[in-house]
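A quick write-up on the structure given underneath.
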Amino acid sequence: MRNGRPPIPLAWAFVVAMALVAAFAPPSSAVADRTDTGRSNVDLVNPFIGTSGESDTEYGGMIPSTAPPFAMTRWSPMTRQNYVSHTPYHYSDTKISGFIGTHQPAIWMGDSGYVTGMPGVGSVKTSVDDRALPFSHADEHAAPDRYSVLLQAGSGRTLKAELTGTSRVGMLRTTYPEGTDTNFVLQATRSGITGNVHVDPAAREITGYNPDRQDSNLGPFKASHFKGYFVARFDTAFDSYGTATGAALHEGQDDRTDGDLSAYVRFPSGTRTVQVRIATSFISLPQARANLAAEAPDDRPFEQIAGKTRAQWNEKLNRVNLRGATADQRAIFYTSMYHALQYPSENSEHGRYYSAYDDQVHSGVSYTGYSLWDTYRAENAFLTLFAPERINGMVTSMLHDYREGGWLPMWKNLTETNIMVGTNADSVIAEDIAKGFTGFDRKLAYEAVHKDATSPPDKDTELAYYDRQEGTPVEARAGLTTYKQNGWVAADHTAESASRTLDYAYEDWAVAQVAKAVGKTDDAKMFLRRSANYKKLYNPATGFMQARNLDGSWAGDESGWTEGDKWVYTLDVLHDVPGLIDLMGGKKKFASWLDSYFAGGHNNHTNEPSHHAAYLYDDAGQPWKTQAKVREIAAANYANRTDGLSGNEDCGQMSAWYVLSSLGIYPVNPASAKYAVGSPFFDRAEVQLPAAERPLVITAKGAAKNPYIKSLSLNGRSVNQPVLSHTDLLKGGKLRFTMSDTRQSWGS
C-alpha cells in the first residue's frame with residue numbers, strides 16, 4: 001500500500017466492541033448450510049464487497065470483475081476513469097460509460113494497455129461523459145463468471161448488457177431496445193495517449209492498440225515498445241462505421257492513429273442482440289487473434305464461455321465447505337477466496353510473454369501484479385495451500401524478471417515500480433522451498449536472493465530512495481551499504497530506514513533458508529547472524545524500535561517508518577519472536593506491552609504490518625488473547641457490504657488473512673512453513689487442498705459462541721502448542737478443536 005492513511009479515531013473502539021459482540025453471536029437460524037441448499041459456493045460470492053468506502057481511496061479498491069482465477073485481463077463495468085488511486089468502478093456512481101478490459105492490479109497502481117467498449121442507441125456518442133448511461137443497482141448482477149446490468153437509454157428504453165470473460169478475452173452480449181438505431185463504441189486511448197484503431201467491415205472487426213502504461217514514470221525500465229493490443233470481433237455485420245477523437249466523429253474512416261481515440265460501428269435496422277468478443281494481448285495483434293481462437297472461438301456461445309469460467313471458479317471455491325457460518329460469513333469467506341485467487345495475474349499468453357524489463361518477447365511463463373511487500377505475509381501462503389499448481393510458475397516468472405531486469409521484483413506492475421521497501425521475493429522463495437516446491441531453478445533462485453542481500457542498488461550512497469521517487473535505478477535493498485556497515489540502514493542517508501532495517505533482518509533469515517537448501521552452509525550462517533540486526537534498532541530506554549543515524553545516534557522516534565509507526569514496527573520481527581520477547585523483558589512484560597498496543601488503538605488492520613500482531617500472544621504464553629483478538633479484528637474489518645473491507649485489498653493480502661484466520665491458522669513467519677494457531681470461526685470446514693493426501697476436516701463445535709480453545713488434536717494426536725506445520729495440513733484428516741466460552745490454558 002501507499003495511501004497515507006489517517007490515524008484510527010478513538011471512536012473506533014466502540015465500533016470494535018460492537019463488532020466483537022456480533023462476532024460471538026450465534027448464527028442466524030434462517031441460514032442453511034451449503035450442504036442443505038446444494039448451491040455452488042460461486043453463488044455465495046459478493047463481488048461488490050470492497051467497491052466503496054468512506055473516501056475514494058481508503059477502502060477495498062475492488063471491482064466487480066468477471067474472469068477466471070489469475071486472469072490476465074479482468075472485465076468490469078466502468079463508472080469512472082481509472083488511474084493511479086482510482087479503479088474503474090465505484091459503487092456510489094450512477095452511470096456506466098463502458099465495459100473495460102483492465103490490467104490494473106490494485107487501487108494504488110496504474111492500468112496498462114486497457115480497452116473499453118460501450119453499446120449505445122440513437123446517435124453515436126464517443127466521449128466518455130456523452131455515452132454514459134444511468135443504471136440502478138437493483139438492475140445489476142455480479143458473479144465471478146458473469147456480470148449483467150440494465151442501462152436506461154432514455155424515453156423509457158432499456159439496454160441490457162451481459163459480460164463474461166476468459167483470461168485474455170472478454171465477451172459482451174448486448175440486447176438493444178426494439179425500434180432503435182444501435183451502435184457500439186470501442187475506445188482505444190484517452191487524451192494525451194496516441195494509439196491506433198482499424199475497422200474491417202468484412203471481418204466484422206475493430207483492432208488496434210493502446211500504449212498507455214500509467215506507471216511508466218516509475219522505475220528504470222521504460223518499455224518503449226509496450227502496447228496493449230486488442231481484436232474486437234462482432235457477430236453482426238456493420239451498417240456503417242468510423243473513427244473518433246474525443247467527441248468528434250470521422251465518418252467512414254477505417255483507420256486512425258491519434259490520441260483520445262475510438263472507433264464506432266452501427267448495426268442494421270432491426271438489430272436486437274449483438275455479441276462482441278474482445279481479445280487482448282501484450283505481444284501483438286496476431287497473438288490477440290490467437291488468444292481469441294484459443295479461448296473464445298466464434299462457434300462458442302456466451303453461455304458456454306461463462307460456464308467454463310464458472311467451472312474454473314467452482315474448482316477452487318467448492319474445495320472448502322462450511323458449516324456453522326452465517327450467510328454474511330459465507331459471503332465474506334468465498335468473496336475473500338475470489339479476491340485472493342486473482343493475484344498475481346497471468347502475463348504470458350499460451351507459452352510466450354512480453355517482458356517490460358527488456359522490451360522483448362520470450363518463451364515461458366510469466367505473472368505480474370506482484371505486490372510483494374503486502375502479499376509475502378499471507379497471500380503466498382494461501383496460494384501454496386489453494387493453488388499449489390501455480391507456485392512453480394510464479395517463482396519461475398520472478399526468476400525470468402531477474403534474468404531480464406537484473407533483480408527479483410519488488411512491486412511488479414508489468415515491470416519494476418520501486419514501490420514499497422524490502423526484497424520480499426526472498427521470503428516467497430524461501431517459503432516455497434520450505435514447503436517442498438521443486439519445479440523451479442533453485443540455484444538461480446539462490447543467485448537472485450543472494451544478490452538482493454549483498455549488492456546495494458546503484459547510487460545507494462547518493463539517493464535517499466523516497467516513496468515513488470522518479471529517475472531511480474531498481475531500488476532493491478536501498479541503504480544496504482550502511483546496513484552492511486553498521487547493521488542498520490542509516491536514517492540520515494536513506495528514507496524509511498527503520499522499516500528497511502527490520503525488513504532486511506527478516507529477509508536475511510529467509511535468504512539463509514535458501515542458502516541451506518542449496519548447500520551454502522557458510523552463507524547460511526552469515527545471513528543468520530545478520531538476521532539478528534533487528535536488535536540494533538531496539539532502544540531499551542523507550543521500549544520501542546527506533547531509527548538510527550549513521551553515527552549510531554537515535555533519530556526521531558517517529559521517523560524512518562513505512563506505513564506504520566514505532567508501535568507497529570516494534571513487533572516487526574517475524575523470524576525471531578522469542579528473541580524479540582527476550583529483548584523486551586520476557587513473556588509477561590511482552591504480553592503486557594501487547595495489551596497496551598491493542599488498548600491504545602495502535603493495531604491498524606487496514607495496513608499489512610499489523611496483520612500478524614494478534615498472533616504474537618501465542619508466543620507470549622497467552623494464546624487465549626490471540627483467539628479473542630483474531631475474532632475481534634475479523635468482525636471489525638470485514639463485512640458483507642460494499643464497504644466491507646476496511647483497507648485496500650492489496651492483491652489478495654487482506655482476504656488471505658481472513659480465509660486463513662477463519663480456518664484457525666496464520667503464517668506469522670511465512671518462510672518457516674509453520675502456522676500460528678488462532679481461533680476457527682466455524683463449526684466445521686471441510687477443505688480439499690489440491691496437494692493434500694485427503695480432505696482436511698476442521699471441526700470446532702460451537703465456534704460462533706465459543707472463541708477459546710480447550711484442546712486440539714490432529715488425527716487423534718494431541719496438539720499442545722499453538723503451532724501447526726504445512727506438512728501437518730497437507731496430510732489431511734481431522735483437525736479437531738474443542739471450544740469454550742471462557743479462556744483456557746491450552747497452548748500456554
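The values are calculated or read from the model by the stated rules, or taken from the named source; none is laboratory data. Since the model is a prediction, treat every value here as computed from it, not as a measurement. Neighbour counts run over all protein chains shown; Cβ positions are idealised from the backbone, glycine included.
What are the residue pairs meeting all of these: first residue in segment 210-223, first residue not assigned by TED's automatic domain parsing to the domain that holds Leu414, second residue of a type in the set (Phe, Trp, Tyr) and surrounded by fewer than 20 Cβ atoms within 10 Å (Cβ to Cβ), Cβ atoms under 9 Å, and 6 or more apart or on different chains? Going by the 9 Å Cβ cut-off, the qualifying pairs are Gln214/Tyr83. When we screen Lys535, Lys520 for residues that are surrounded by fewer than 23 Cβ atoms within 10 Å (Cβ to Cβ), within 20 Å of Val395 (Cβ to Cβ) and touching a residue at least 24 places away in the same chain (Cβ under 8 Å), the only hit is Lys520.
Residues in segment 720-730 that are free of Cβ contacts under 8 Å to residues at least 40 places away in the same chain and surrounded by 15 or more Cβ atoms within 10 Å (Cβ to Cβ): Asp728 only.
Taken as a whole, segment 541-553 holds no residue that is surrounded by fewer than 17 Cβ atoms within 10 Å (Cβ to Cβ), free of Cβ contacts under 8 Å to residues at least 40 places away in the same chain and more than 22 Å from Asp492 (Cα to Cα).
Against the criterion of being out of contact with any strand residue (DSSP E or B) (no Cβ under 8 Å at 6 or more places or on another chain) and farther than 17 Å from Gly479 by Cβ, Leu583 does not qualify. Taken over segment 483-505, the residue count meeting the criterion of being surrounded by 24 or more Cβ atoms within 10 Å (Cβ to Cβ) and part of a helix (DSSP H, G or I) is 10. Looking at Tyr338, Tyr343, Tyr334, just one residue is in a loop (DSSP other than H, G, I, E, B) and not assigned by TED's automatic domain parsing to the domain that holds Trp75, and that residue is Tyr343. Select from segment 222-249 the residues that are surrounded by fewer than 17 Cβ atoms within 10 Å (Cβ to Cβ), assigned to a strand (DSSP E or B) and touching a Lys or Arg at 6+ places or on another chain (Cβ under 8 Å) and list them in ascending order. Listed by number, the list holds a single entry, Ser240.
When Gly156 is tested against (1) within 29 Å of Ala290 (Cβ to Cβ); (2) without any contact (Cβ under 8 Å) to a residue 12 or more places away in the chain, exactly one condition is not met: (1). Of the residues making up segment 63-90, those that are farther than 22 Å from Leu341 by Cβ and surrounded by 20 or more Cβ atoms within 10 Å (Cβ to Cβ) are Met78, Thr79. Could you grab me the full set of residues in segment 250-271 that are touching a Ser or Thr at 6+ places or on another chain (Cβ under 7 Å), within 19 Å of Thr116 (Cα to Cα) and outside any strand (DSSP E or B)? Those that are touching a Ser or Thr at 6+ places or on another chain (Cβ under 7 Å), within 19 Å of Thr116 (Cα to Cα) and outside any strand (DSSP E or B): Asp260, Phe267. Checked against the criteria, Thr35 counts as out of contact with any Lys or Arg (no Cβ under 6 Å at 6 or more places or on another chain), of a type in the set (Ser, Thr, Tyr) and at pLDDT below 95. Scan segment 542-590 for residues that are closer than 22 Å to Leu528 by Cβ and of a type in the set (Asp, Glu) and jot them down. Asp572, Asp576, Asp582, listed by residue number.
For segment 254-300, a tally of residues being free of Cβ contacts under 8 Å to residues at least 40 places away in the same chain and farther than 17 Å from Phe234 by Cβ returns 1.
The selection criterion, being among the hydroxyl-bearing types (Ser, Thr, Tyr), in contact (Cβ under 8 Å) with a residue 24 or more places away in the chain and at negative phi, holds for Ser661. Taken together, the residues in segment 57-92 that are in contact with a strand residue (DSSP E or B) (Cβ under 9 Å, 6 or more places away or on another chain), outside any strand (DSSP E or B) and not hydrophobic (A, V, I, L, M, F, W, C) amount to 15. Identification of strands (runs of 3 or more DSSP E) wholly contained in segment 116-221 with 2 or more residues that are more than 26 Å from Thr94 (Cβ to Cβ) yields 194-200, 205-210. Within segment 564-590, if we keep just the residues that are closer than 29 Å to Thr461 by Cβ and buried (at least 23 other Cβ atoms within 10 Å of the Cβ), the residue that is farthest from the chain's Cα centre (by Cα) turns out to be Thr570. Checking each residue in segment 44-101 for being over 21 Å from Asn640 (Cα atoms) and among the charged types (D, E, K, R) picks out Arg74, Arg80, Lys95.
When segment 301-322 is limited to residues that are part of a loop (DSSP other than H, G, I, E, B) and touching a residue at least 12 places away in the same chain (Cβ under 8 Å), the one that is surrounded by the fewest Cβ atoms within 10 Å (Cβ to Cβ) turns out to be Asn318. Annotation: of all residues in segment 192-221 being under 30 Å from Val474 (Cα atoms) and among the polar types (S, T, N, Q), the one that is surrounded by the most Cβ atoms within 10 Å (Cβ to Cβ) is Asn210.
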